[in-house]
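Below is one structure, written out as structure tokens; comments come after it.
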């Protein structure tokens with residue numbers, strides 16, 4: 001595998017109950033080169049986050 005093919009893209013998880021905000025954040029992060037997942041409920045993604053270990057988790061309180 002060449003170094004160009006082995007580039008690792010950072011992973012982000014966006015958790016927000018506002019679908020519009022979540023979608024806009026998802027689009028901006030994807031455009032910036034992040035592999036992005038979204039969730040509308042934090043409990044929905046806890047198992048996935050512990051398995052995939054995202055580099056960043058963005059959430060609202």
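The values are calculated or read from the model by the stated rules, or taken from the named source; none is laboratory data. The structure presented is a predicted model; accordingly, all values stated were derived computationally and were not measured. When we count neighbours, we look across all protein chains shown, and the Cβ atoms used for this are built from the backbone with ideal geometry, even at glycine.
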>> Can you find, within the stretch 28-52, the residue that is nearest to the chain's Cα centre (by Cα) among those that are modelled with pLDDT of 90 or more and part of a loop (DSSP other than H, G, I, E, B)?
In response: 34
>> Against the conditions (1) at pLDDT below 85; (2) assigned to a helix (DSSP H, G or I); (3) surrounded by fewer than 13 Cβ atoms within 10 Å (Cβ to Cβ), where does residue 20 fall short? Just the number, please.
In response: (1)
>> Just to be sure I understand, how many residues within the stretch 23-43 are surrounded by 12 or more Cβ atoms within 10 Å (Cβ to Cβ) and out of contact with any strand residue (DSSP E or B) (no Cβ under 7 Å at 6 or more places or on another chain)?
In response: 4
>> Is it the case, given these coordinates, that residue 25 is part of a strand (DSSP E or B) and at pLDDT 90 or above?
In response: no
